[in-house]
Amino acid sequence: MELNQIINPANRVYARPALLDDNTMHYCPGCSHGVVHKIIAEIIEEMGLQENTIGVAPVGCAVFAYNYIDVDWVEAAHGRAPALASAIQRLNPEKLVFTYQGDGDLAAIGTAETIHAANRGENIAIIFINNAIYGMTGGQMAPTTLEGQKTATTPYGRRVDLNGYPLNISNLLAQLDGTHYVTRQAVHTAATVRKAKSAIKKAFQNALAGKGTSVVEVVGTCSSGWKMTPDASNKWMEQHMFEKYPLGDLKDAGEIIPKSK
Amino acid sequence: MNEDIRLMKGNEAIAHAAVRYGVDGYFGYPITPQSEVLETLEALMPWETTGMVVLQAESEISSINMVYGGAATGKAVMTSSSSPGVSLMQEGISYLAASELPALIVNVMRGGPGLGTIHPSQSDYFQATKGGGHGDYHLIVLAPSSVQEMADFVGLGFDLAFKYRTPAMILADGVVGQMMEKVVLPEQRQRRTAEEIRTQCPWALTGKTADRKRNVVTSLELDSAIMEKNNERFQRTYKEIEANEVRYQGYHLDDAEYLIVAFGSMARICLKAVEEARKAGVKIGLLRPITLWPFPYEAICKASENAKGILVAELNAGQMIEDVRLAVHDNVPVEHFGRMGGIVPNPAEVLGAFTDKFGVKFNDQTN
Amino acid sequence: MAKIHGAVVIDEERCKGCDLCVVACPTNVLLLKDKEVNDRGYHYAYMAQAEACIGCAACATVCPDACIEVYRVVEK
């Protein structure tokens, strides 16, 4: 069969989501943010929620998330997204309100806002991108940076005696009575992308249904910060990140999932 | 007349006035001497009547960012705190100003610096009127000197904030917050409907519909040329506010040989001092700025034309005096009288300052 | 047995040459251009073995820049 017979609108099985703006993303090649943006745009489109969604963008690489997904957005101060989202949702209870935050934003400077929004059981979805590094400022140590991991501020590797331990914030959030759904996903393969998409969709459905806070952590890469190619970053992530941050549901329907091991 | 007259604290009046104005949301964190604002709102349960949201946040940082989020959706939202808490809010206030969002912030000032004291002070004048946070911005700053004004300035503050799309602040102090007085509460208004917000606030996050581009509320702009234009727009707004919104009250300005400039609770004390001085044969007038920003420079300049001296009385080490000096261009001697650390002076001390600074003699009425 | 024909259309100007689609493709259809670059200077992806494509969309699914459209025909 000739290519021009195949490439025909009737045969199209995958296309750029309509809610993803035409702007070329500012992210580095291979960045996980792009994939997560794409699946969020797909979900909002599939759920017919464009008119009913308010996104809260963080400070960090995803500060410009509002340039890409075609819904109303507010750009929060560093770490404060869950506070904004709490008020937005309470004042506009019919809206889907979600935050999009990186590890520095959510688990360092915004720890208090994150934990208290989740503990109040705010009816919001928190999308948390954990790539274990500060990407935007040039690859400094994040709260989630692994022990031994080299960053601009841990040039000889993270030492717990100097820098403390990597913070597993999703496990902490799962312990809170206000969270309904806490899950850890990845987006480095087609299969994991599909799972992550289901997880984010579920988080959005939970928020709209008023079930409390849902948190979807996406373990991602930062090839520029990690100083590896995108493919090598994915492999490094599988080898090192998943040990500290294993994929899977931590809590569902308000129940903590026991460790499978 | 069916005036709704009550006896209450200034802080309570803020809370009642907020519900009556149709405020959509209050977000706050307890701190003395203003905790009655949140306490009163929780007791009033306005979510059962007007639908107003009231939430005790985990910190002042969170409170102001809740205000930021709520304001972005076009809602009338407010917070209140006292000096150390307002320091924590400065980042969020800067974001509100930069994102051109209306909101109301109440600061019931206490003495500082640091944790300072829970007693009254006016030592956040610089912080309130000169920006407070980072960047070139101003807040509209209203200084109430009575419980009635605490109630009235909630509505005025929101009206101005929405008119100019900029945050407004009620800069009260522990005296006005804690004292009880008669107050006439405003009539109950309805909160704005979603449709009214859509039409009155086309910039608000109301959900992206097919008839408009998506709305984005952000203070970020990396293109320096655009960022400068944004700043120029902010400054034009400030010029407009300076031209239209200066408010002050004058007492015995017509024949004043000496002038007192004082705001808030200090102005009440000074009014008594003016009356005492006049009984003792000295014609003192009082000018009370109601808007601390925009500041009544011209009014003070005019009121001081025939004055031999101006006493700026404040519960601080001398802050508003800088603006008064700018107003009179060194044409009139300007002196300061202030108490700090939570001390509230009496009228006799104010008159004593006239004797100390200007050599004014008062007829002794005690004999 | 049904035969599956697939094809992808890559927005070459949007592609950043990250190589993730190349890695994700189960039938080794895609490669990055060796010499040619787009306006941004990236070696963009292309179908090097078009006939092997099964239209599974793995490449498009992992593409961070959403620059791949996928087409699929099942010939019975």
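The values are calculated or read from the model by the stated rules, or taken from the named source; none is laboratory data. These numbers come from a predicted model, not from an experiment. In this analysis, Cβ positions are derived from the backbone assuming ideal geometry, glycine residues included, and neighbour counts consider all displayed protein chains.
Residues in the stretch A:229-247 that are in contact with a Phe, Trp or Tyr (Cβ under 9 Å, 6 or more places away or on another chain) and within 12 Å of chain C (Cβ to nearest Cβ): 2 in all. Of all residue pairs spaced 6 or more apart or on separate chains, those with beta-carbon atoms under 6 Å, a first member in the stretch A:176-189 that is over 14 Å from A:A125 (Cα atoms) and small (G, A, S) and a second member that is at pLDDT 95 or above and part of a loop (DSSP other than H, G, I, E, B) are A:A186/A:L247.
Just one residue in the set B:S94, B:S63 is facing another protein chain (nearest Cβ under 10 Å) and either surrounded by 24 or more Cβ atoms within 10 Å (Cβ to Cβ) or in a loop (DSSP other than H, G, I, E, B) (or both); that residue is B:S63.
The set of residues from the stretch A:1-28 being in contact (Cβ under 8 Å) with a residue 60 or more places away in the chain and buried (at least 20 other Cβ atoms within 10 Å of the Cβ) is empty. Here A:D177, A:D161 are screened, and the one residue that is away from every other protein chain (no Cβ under 14 Å), assigned to a helix (DSSP H, G or I), more than 30 Å from C:I68 (Cβ to Cβ) and of a type in the set (D, E) is A:D161.
Quick grid of which residues meet (1) assigned to a helix (DSSP H, G or I); (2) within 11 Å of another protein chain (Cβ to nearest Cβ):
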site	(1), (2)
A:R184	no, no
A:A191	yes, yes
A:I200	yes, no
A:F204	yes, no
A:V215	no, no
A:V218	no, no
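The single condition among (1) closer than 21 Å to C:C59 by Cα; (2) in contact with a strand residue (DSSP E or B) (Cβ under 6 Å, 6 or more places away or on another chain); (3) crowded, with 23+ Cβ neighbours inside 10 Å that A:A62 does not satisfy is (1).
Within the stretch C:1-17, the set of residues being touching a residue at least 40 places away in the same chain (Cβ under 8 Å), touching a strand residue (DSSP E or B) at 6+ places or on another chain (Cβ under 8 Å) and not acidic (D, E) comprises C:A2, C:K3, C:I4, C:H5, C:G6, C:A7, C:V8, C:V9, C:I10, C:C15. Among the residues of the stretch A:79-86, is there at least one that is free of Cβ contacts under 8 Å to residues at least 40 places away in the same chain and surrounded by fewer than 24 Cβ atoms within 10 Å (Cβ to Cβ)? Looking for residues that are free of Cβ contacts under 8 Å to residues at least 40 places away in the same chain and surrounded by fewer than 24 Cβ atoms within 10 Å (Cβ to Cβ), one finds none in the stretch A:79-86, hence no. Quick check on C:D65: is it in a loop (DSSP other than H, G, I, E, B), out of contact with any strand residue (DSSP E or B) (no Cβ under 9 Å at 6 or more places or on another chain) and either modelled with pLDDT under 95 or facing chain A (nearest Cβ under 7 Å) (or both)? Yes, satisfied.
Residue count for the stretch A:222-236 satisfying the condition of being assigned to a loop (DSSP other than H, G, I, E, B), closer than 16 Å to A:Q140 by Cβ and hydrophobic (A, V, I, L, M, F, W, C): 1. Condition check: within 7 Å of another protein chain (Cβ to nearest Cβ), farther than 20 Å from C:D11 by Cβ, surrounded by fewer than 24 Cβ atoms within 10 Å (Cβ to Cβ) and out of contact with any Ser or Thr (no Cβ under 6 Å at 6 or more places or on another chain). Does A:M47 satisfy that? Judged against the criteria, A:M47 is not a match. Of the residues screened, C:A7 is not one that is assigned to a helix (DSSP H, G or I) and within 7 Å of another protein chain (Cβ to nearest Cβ).
For the stretch B:317-333, the condition holds for no residue, the condition being that it is under 12 Å from B:M266 (Cα atoms), crowded, with 17+ Cβ neighbours inside 10 Å and charged (D, E, K, R). Return yes when B:F295 is in contact with a helix residue (DSSP H, G or I) (Cβ under 7 Å, 6 or more places away or on another chain), surrounded by 15 or more Cβ atoms within 10 Å (Cβ to Cβ) and in a loop (DSSP other than H, G, I, E, B) and no when it is not. So B:F295 passes the test.
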